[in-house]
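Bear in mind that the values in this text are calculations on the coordinates, not laboratory data. Here the structure is a predicted model, which is why all the values come from computation and not from measurement. Neighbour counts are summed over all protein chains in view; Cβ atoms, including those assigned to glycine, are modelled from backbone coordinates with ideal geometry.
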Amino acid sequence: MSVTSGLLALFVCSAVSAASARAQMTGAPTAGYKREPGMPAAAVPPALREIGFDQHLDQPIPLDVPFRDESGRVVRLGQYFGAHPVVLLFAYYDCPMLCTQVINGLSTALNILSLEPGKDFEIVTVSFNPRDTPETARAKKAVYIERYKQPHASEAWHFLTGAQASIDRLTGAAGFRYAWDADTRQYAHPTGVIVLTPDGRLARYLFGIEYGPRDLRYALVDASAGKVGNAVDSLLLYCYHYDPATGRYGLAIMRAVRVAAAATLLLLGGFIVLMVRHEKASH
């Protein structure tokens, strides 16, 4: 590590540490089911208590599973993998509340993210409602491509529909547990997005309906094994680690201390070398 990179690491780790209390990502794993005020947890129907995310970290998803894209073509999930990490989210397209908030939160984070869709990552939205069609997928995609105005966004963000068998294979592998609530005639489901490696392994789960651009960027850099992003990202990821319990990146205190100590020693060493050279030059 050079003096410059060491000082950069010290500055960045310290700056982000000071900002950790203002973390941009909010929300925790949530059932996605709205209880009436005062309703005890025991009153929630048993099936709805079972919804949530099971984090199958580093496990593969079935890339051979068939779906239809927004144009109606039959596609295999693996078509969107191979070169870049993939952001995967589950949403049914006529969802009146949470699915829209999840996609809104992702599109907001994506608009702030400096990484480029299609070049650095792909986005795949999969409906878990087998009654959704390519027409409903196309209408939903049009809304979000209008909001996400990055070049090549339309080619990089895919909205899929499929049969129940395909949905079951993918949601089961991804650990996405949801249920149909007959009383409200809605799906109850968890809220969050999943980042996968280019070869289709589950890398990171980000929970809630808002996703900090910092957390999303770290997740993509992590999932790409450092092939996405820049040198500063790699330094930051040394100072931060992913916490599966919260779905966020938190400061790794000891690592940050080591970076700060190394940067301080490099700075002192560089100063001593410069002073010695100056003294020799003056004689």
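How many nm separate the modelled label positions at residue 225 and residue 165, each set 7 Å beyond the Cα in the direction of the Cβ?
Distance between label points: 3.4 nm.
Give the residues of the range 135-160 whose amide nitrogen is closer than 12 Å to a point set 7 Å from the Cα of residue 79 in the direction of its Cβ.
Within reach of a label on residue 79: 158-160.
Any idea how far apart residue 49 and residue 184 come out in nm if each label point goes 7 Å out from Cα toward Cβ?
1.8
Compute the label zone of residue 138 within the range 52-89: residues whose backbone N is under 18 Å from the point 7 Å along Cα-to-Cβ.
It comes to 67-75, nothing else.
Ranked by Cβ crowding within 10 angstrom, fewest neighbours first, how are 56, 152 ordered?
152, 56
Quick one: compute the contact order of the range 108-166, relative version, from alpha carbon pairs under 8 angstrom and 6+ residues apart, as a percent.
52
If packing is taken as the average count of other Cβ atoms within 10 Å, what order do 199-210, 134-145 fall into, highest mean first? The partial results should precede the final answer.
On the way: 199-210: 20.9, 134-145: 17.3.
Ranked from most to least packed, the peptides come out as 199-210, 134-145.
For the range 205-214, just list the computed ³J(HN,Hα) in residue order, Karplus coefficients 6.51, -1.76 and 1.60, θ = phi - 60°, integers in Hz, with x standing in for Gly and Pro.
In residue order, the calculated couplings are 10, 10, 8, x, 10, 10, 10, x, x, 5 Hz.
Arrange the following residues from fewest to most other Cβ atoms within 10 Å of their Cβ: 180, 157.
If I rank by nearby Cβ atoms, fewest first, I get 180, 157.
Fully extended, how many nm does the chain gain between residue 155 and residue 71 (0.36 nm per residue separation, minus their Cα-Cα distance)?
Contour length minus Cα-Cα distance gives 29.0 nm.
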